[in-house]
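One structure is given below, encoded as structure tokens.
The values are calculated or read from the model by the stated rules, or taken from the named source; none is laboratory data. Because the structure is predicted, anything quoted here is derived from the model rather than measured. Every residue, glycine among them, receives a Cβ derived from its backbone with ideal geometry; neighbour counts consider all protein chains shown. Accessible surface areas use protein heavy atoms only, side chains included; no ligands, DNA or RNA. Shrake-Rupley method; radii C 1.70, N 1.55, O 1.52, S 1.80 Å.
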Amino acid sequence: MDVYTVYDSPLGELRLAGEESPGGFVLTGLSLPGQPSRPAARRDGPFTEAVGQLDAYFAGRLTRFDLPCAAHGTEFQQQVWRALDDIPYGTTTTYGELSRRLDVPRAEIRAVGAAVGANPLLLIHPCHRVIGADGSMRGYAGGVENKVRLLTHEGALQPMLG
């Protein structure tokens, strides 16, 4: 059974989605406001650990998530999403560097970018840490403004005077 809950974050309401597995529930999606989501029944209980880790992340006490996840994607997408987990908190990398780490030919960098963009577990697999070679904030499924906010929260970007 697919279930979800809503988490009030500094970015707005995050939707955590999951499904039942033999060992309990696994997280299959974490989306930001405005992103599409699959139909599911609302249930808060299965997400207690995820909510605790999100609380710790936004409080600056957690730099890496450790949750049971089962994101649905191709083998290539899964490989890219696992590589995102190796980008340290407070740092960024480029699509080109990520491609080099995965031994993806330069001509196929766009495939890496597409896989990053298809990441269903925003924050958990930190795709917000991937930027353009020129330092620009390339697209982010949760919105470029939220990407900047997350990178600033992590200390990878300096706060802007406003």
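How many residues, within the stretch 132-162, are on the phi < 0 side of the Ramachandran plot and part of a loop (DSSP other than H, G, I, E, B)?
17
Suppose we filter 108, 13, 19 for residues that are open to solvent by 20 Å² or more (accessible area, probe 1.4 Å), in a helix (DSSP H, G or I) and of a type in the set (Asp, Glu); which single one remains?
Only one candidate qualifies: 108.
Between residues in the stretch 90-115 that are closer than 12 Å to residue 130 by Cα and residues that are of a type in the set (Asp, Glu), which pairs lie under 6 Å by C-beta distance while being six or more apart or on different chains?
Matching pairs, first to second residue: 90/154.
Return the pairs, sorted by first residue and then second, in which the second residue is open to solvent by less than 40 Å² (accessible area, probe 1.4 Å) and in a loop (DSSP other than H, G, I, E, B), the first residue lies in the stretch 49-73 and is touching a residue at least 12 places away in the same chain (Cβ under 8 Å) and of a type in the set (S, T, N, Q), the beta carbons are less than 7 Å apart, and the residues are 6+ apart or on different chains.
53/62; 53/65; 53/67
Determine, yes or no, whether residue 35 is closer than 21 Å to residue 142 by Cα and without any contact (Cβ under 8 Å) to a residue 24 or more places away in the chain. Before you say what the answer is, go through the steps one by one.
On the way: closer than 21 Å to residue 142 by Cα: yes; without any contact (Cβ under 8 Å) to a residue 24 or more places away in the chain: no.
Against the criterion (closer than 21 Å to residue 142 by Cα and without any contact (Cβ under 8 Å) to a residue 24 or more places away in the chain), residue 35 does not qualify.
Residue 90 passes all but one of (1) surrounded by 14 or more Cβ atoms within 10 Å (Cβ to Cβ); (2) in contact with an Asp or Glu (Cβ under 8 Å, 6 or more places away or on another chain); (3) modelled with pLDDT of 95 or more; which number fails?
(1)
Out of the residues in the stretch 22-32 that are touching a residue at least 12 places away in the same chain (Cβ under 8 Å) and surrounded by fewer than 18 Cβ atoms within 10 Å (Cβ to Cβ), which is nearest to residue 146 (Cα to Cα)?
26
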